[in-house]
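**Student:** Could you have a look at this structure, given as structure tokens, before my questions?
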Amino acid sequence: MLLEQGSDVLMIDCDEQADFWQFFARGKQPEKNKDYHRLGDSIVVWNKKRESVKDIAKPEEYNHVVLDIDTPLAHTVQVIIGSQPDLVLVPINTSQKDKALRNLPRTLSVMSDIGKNTGVNPRVVVVPLGVSGDSVKNVVNQIESENKPKNCRTAPALSNLQEKMQEAIYRDYRCIWSYEGEYLQISSYFDALLTS
């Protein structure tokens with residue numbers, strides 16, 4: 001979405017599977033840690049070891065820095081403290097709904113502690129993907145305010161699009177909103193996550 005808007009974006013894929021990197025490299029596999037792929041003035045870097053990427057790209061020279069991190073909480077803490085993002089999206093997918101909802105209080109508590117201990121207070125948006133928005137809000141609302149990040153909210157629920165997302169990402173290397181019909185409005189949904 002940011003690329004479509006013409007922004008210069010540094011994208012860092014810290015996930016072992018390199019799905020984010022492969023999406024932008026159209027299926028090509030990274031060959032080594034910190035392998036990168038250029039997209040005009042933007043760049044995607046595979047950084048599974050979570051090392052500094054300043055030898056490849058200086059974050060301050062980009063309009064946006066987007067991180068894709070895997071789920072272990074220690075990785076999340078390391079990347080948030082090291083990168084100081086403006087926004088953290090916490091997806092709750094239908095395929096792992098029960099586990100994600102069970103772990104959500106701990107995840108938000110850790111992010112709250114990061115803010116208290118380091119002053120790093122990104123906006124945190126919990127994103128229900130194919131999961132009832134009410135089920136996510138119920139969990140978030142039960143968490144004591146001192147155990148939630150300062151600026152935390154739950155996004156509206158998005159319908160279950162996992163099958164179409166799999167096709168778009170892993171087969172066609174396209175954003176889901178580039179398909180005709182009901183998928184066009186998803187661009188607005190994600191744009192609202194970034195701007196509100």
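Here, each number is a calculation from the coordinates, and none is a lab measurement. This is a predicted model, so every value here is computed, not measured. For neighbour counting, all protein chains shown are included, and Cβ atoms are generated from backbone atoms with ideal geometry for every residue, glycine included.
**Student:** Report the semi-axes of the equivalent ellipsoid for the chain in whole Å, largest first, where each axis is √(5λ) for an eigenvalue λ of the Cα gyration tensor.
**Tutor:** Square roots of five times the eigenvalues give 26, 22, 15 Å.
**Student:** Could I ask something else about it? Counting Lys +1, Arg +1, Asp -1, Glu -1, what net charge surrounds residue 156 among other residues with beta carbon under 12 Å of its beta carbon?
**Tutor:** With Lys, Arg at +1 and Asp, Glu at -1, the neighbours total +1.
**Student:** Quick one: grab the alpha carbon gyration tensor of the range 128-180, order the square roots of its eigenvalues as a ≥ b ≥ c, and give me rounded if a/c is under 1.5, else prolate or oblate depending on whether a/b is larger than b/c.
**Tutor:** Here the range 128-180 falls in the prolate category.
**Student:** Go ahead and run the numbers for FRET between residue 150 and residue 103, Cβ-Cβ distance against an R0 of 22 Å, rounding to 0.05.
**Tutor:** About 0.60, to the nearest 0.05.
**Student:** Please report the equivalent ellipsoid semi-axes of the range 1-66, computed as sqrt(5 x eigenvalue) of the Cα gyration tensor, largest first, in whole Å.
**Tutor:** They are 18, 14, 9 Å, listed largest first.
**Student:** Towards the positive end of the charge dipole of the chain, with charges on Cβ (+1 Lys, Arg; -1 Asp, Glu), say which of 155, 81, 181 has the farthest Cα.
**Tutor:** 81
**Student:** I want the local charge near residue 2. Using Cβ-Cβ distances under 11 Å, sum +1 for each Lys or Arg and -1 for each Asp or Glu among the other residues.
**Tutor:** -3
**Student:** Given the options 107, 154, 118, which has the most mean-square fluctuation in a GNM of the chain, springs set between C-alpha atoms less than 10 angstrom apart?
**Tutor:** Maximum fluctuation in the GNM of the chain, among the listed residues, is at 118.
**Student:** Tally Lys/Arg at +1 and Asp/Glu at -1 over every other residue whose Cβ is under 14 Å from the Cβ of residue 121; what's the total?
**Tutor:** That works out to +2.
**Student:** With helices defined as uninterrupted DSSP H runs, which ones in the chain have an alpha carbon span along their own long axis of at least 18 Å and mean Kyte-Doolittle hydropathy of at least -1.0?
**Tutor:** 97-118
**Student:** Using the Cα centre as the reference, give the magnitude of the dipole from point charges on the C-beta atoms of the range 1-93 (Lys, Arg: +1; Asp, Glu: -1; all else neutral), rounded to the nearest 20 debye.
**Tutor:** 240
**Student:** How big is the antiparallel share of DSSP beta bridges in the chain, given as a percent to the nearest 5?
**Tutor:** So the antiparallel bridges in the chain amount to around 15 percent.
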